[in-house]
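The numbers here are math on the coordinates, done by the rules we state, and not lab data. Please read these numbers as outputs of a predicted model, since none were measured by experiment. Every residue, glycine as well, gets a Cβ built from its backbone with ideal geometry; the counts of neighbours run over all protein chains shown.
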Amino acid sequence: MTTPHRRTVRPRPQPDQETEFFWTSGRDGRLRFRSCTACSALVHPPQPVCRHCRGHGTAIREVSGRATLIGFTVNHRFPFPGLPTPFVVAQVAIEEDPRVRLTTNVVGRAPEDLRLGMLMEVVFEQAGDTWLPLFRPAADQPDPVPLPTDDPAPERMREHLRRTPVTRKFEDRAVISGAGASRIGRRLMAPPLHLTVEACEKAVADAGLTLDDIDGLSTYPGGGAYGGFAEGGVTALESALGIRPVWHNGAGETFGPGGSVIAAMLAVAGGLARHVLCFRTVWEATHAELVRRGKIQPPRGGAADGWFKPFGAVSPAVMLAMNAQRHMHRYGSTRETLGWIALNQRAGAALHPDAVHRDPLTMDDYLSARTITTPFGLYDCDVPCDAATAVVVSAAETVADLPKAPIRIEAVGTRIVERPEWDQATLTHEPQVLGQAAHLWTRTELSPADVDVALLYDGFTFNCLSWIEALGFCGIGEARDFLDGGKNIARDGVLPLNPHGGQLSHGRTHGMGLLHEAVVQLRGEAGARQVTDARTAVVSSGGLTPSGVLLLRTDG
């Protein structure tokens, strides 16, 4: 059905040749998807081939407009034109094919009345020449139904992978020879390239090399319009330093922020370079301040791209909050479960002289903090900052010439098993961690029990929980018991976690700061925060996008 036309300032979607039918379906009040003519699966987002049977025949199909409410979050923090906060962002599973989900808004019911498993029905709202499919609870409500299960199920992820068939791994041909970090702070007001150069010079010196020894450059996400999240990429750094690399790499579509390191390993293993400088710079805090002062113009326009931004899901926090909600619903984890992660990271940061937040944090502080987007509060979210991090990846045959013992790469995990779209992927864990984590253990004879220290991505507390379960430090759905009280993840616990404070308290360094801390820990150079006898470290990188994970060790 269609609501009466009304003026709205909500940005409209940007239809293209493939998606125009979807965004204009509401003209007659009917919801439509592309459907496979061979197996009848709904194909969403629209593709030229069915991912289930790989058939090439598709047609536009009208569906009932009924769906199951499988997730929702009440957004308090992130404003969106036409949607005064707080507002509900939700995900629904389509009745005809629950594998297909839509990110949407719930209308017609207060957030406190919503329950997972409710029956929903579509109602369209016009935005310019497009129609947004919103959903409201159906008038007649049966008992809530169980949420759809993932395919593959998290508990069976490893069944979809095979052990590495080669006898000599590329990981054996590369080492991490140096690491460096720039200044870090909330608003340094320094040009980002200055921070990049600072970190890179430190990393090269730490490796006992000079810039003339560097013959490769690798970064994430590379050049382009990444406001606050890059300095200009390889091009900018090469222009500043004049390294003249024989190999270079810069990309966002890789194995998370640490993908630059995995790419560098492949380069030195293949003989393309001997010493590759990998770097990552963020200056989000300064960028935001410059926007506020009018020194930088934010992107403008009346359109919202993608499948979830038209509904105000403009932050990863909004999307990941729904995964956290489903984990709580299915496995019984709680806000306190996430709180133990936040408290642990703050305790580590108190021992790091450069951490952004070092003040004590209690569970009462955590639980009473202002809401960001349910169930996340302020301390579930990492700290925007300005910083650069760099490491040098060297060919293994150069080890004898290095001044410090190298960090060996035991294995990497990179495989995509889930669907890559954020709102079509895993329901109960952070998307893009389960397959990569399972892949890691197929490339080594080591096991989770061999890990001495874990540096796990914590853009949000729930990122950490997902990696802990995915990597097998506890069973799927067992994080509530594993994290209870925080003892297991303390510096002297069974799995010392982010002893420098992680991104939650040390600062949002987008994964590379975790790698830097792993190097420091394995060298025994962490001072007051040092984990005793750390010889093996696992470092995860990213999530919500194709991510990666590395298992590092020392020769000792």
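Going from the residue with the fewest nearby Cβ atoms within 10 Å to the one with the most, S260, S447, S218 rank S447, S218, S260. For the range 472-524, the set of trypsin sites (Lys or Arg not before Pro) satisfying both a DSSP loop assignment and a count of at most 14 other C-beta atoms within 10 Å is given as K487. All other residues with a Cβ under 12 Å from the Cβ of P221 taken together, and with Lys, Arg as +1 and Asp, Glu as -1, what is their net charge? Here the count lands on -1.
Taking the convex hull of the alpha carbon positions in the range 76-209 and averaging its projected area over all directions gives 16.7 nm².
Relative contact order, whole percent, for the range 20-138 stands at 24, derived from Cα pairs under 8 Å and 6 or more residues apart.
Size of the range 452-556 from its Cα atoms: along the principal axes, largest to smallest, the extents are 34, 28, 26 Å. Estimated from helical segments only, the mean residue ellipticity of the chain at 222 nm is -6500 deg cm²/dmol, where each DSSP H run of four or more residues counts as -39500 (n - 2.57). The alpha carbon radius of gyration of the chain, expressed as a multiple of 2.2 N^0.38 Å, is 0.98.
The fewest-to-most ranking of W247, W283 by surrounding Cβ atoms within 10 Å reads W247, W283. Any idea what log10 I(q)/I(0) is at q = 0.09 Å⁻¹ for the range 20-138, Debye with uniform C-alpha scatterers and no solvent? Values, matching the q order: -0.26. The alpha carbons of the range 143-189 give a radius of gyration and a Dmax of 22.3, 59 Å, in that order. Calculation over all alpha carbon pairs of the range 59-122 in 10 angstrom steps from 0 returns a P(r) of 20, 49, 25, 6 percent. Among the trypsin sites (Lys or Arg not before Pro) within the range 252-297, those in coil by DSSP and having at most 13 neighbouring Cβ atoms inside 10 Å are R293, K295. Taken over the range 144-291, the convex hull of the Cα atoms encloses 172 Å³ per residue.
When only Cα pairs below 8 angstrom with a gap of at least 6 residues are kept, the range 314-419 shows a relative contact order of 21 percent. Note: relative contact order over the chain, using C-alpha pairs below 8 Å and six or more positions apart, is 17 percent. Inter-part distance, the range 377-414 to the range 26-89, computed on C-alpha centroids, equals 39 Å.
Using only the alpha carbons of the range 224-289, what is the convex hull's orientation-averaged projected area in square nanometres? Value for the range 224-289: 4.9 nm².
From the residues G108, G128, I70, which one has its Cα farthest along the dipole of the range 20-138 in the positive direction, the dipole being from +1 and -1 charges on Cβ of Lys/Arg and Asp/Glu about the Cα centre? With unit charges placed on the Cβ atoms, the residue in question is I70.
Along the chain, counting only GluC sites (Glu not before Pro) with a DSSP assignment other than H, G, I, E or B and at most 13 other Cβ atoms inside a 10 Å radius, the longest segment between sites is 19-252. A compact globular protein would have a Cα radius of gyration near 2.2 N^0.38 Å; the ratio found for the range 291-381 is 1.38. Couplings 3J(HN,Hα) of the range 62-70, computed from phi: 7, 10, 5, x, 8, 7, 10, 6, 10 Hz, in residue order, whole Hz [Karplus 6.51 cos²θ - 1.76 cosθ + 1.60, θ = phi - 60°; x for Gly and Pro]. Working note: Karplus 6.51/-1.76/1.60 with θ = phi - 60° gives the range 152-162 the couplings x, 5, x, 5, 10, 4, 5, 5, 9, 10, 10 Hz, where Gly and Pro are set to x.
Annotation: amide H of G185 within the under-5 Å range of D386, sequence separation 5 or more or interchain, hydrogens built in the peptide plane.
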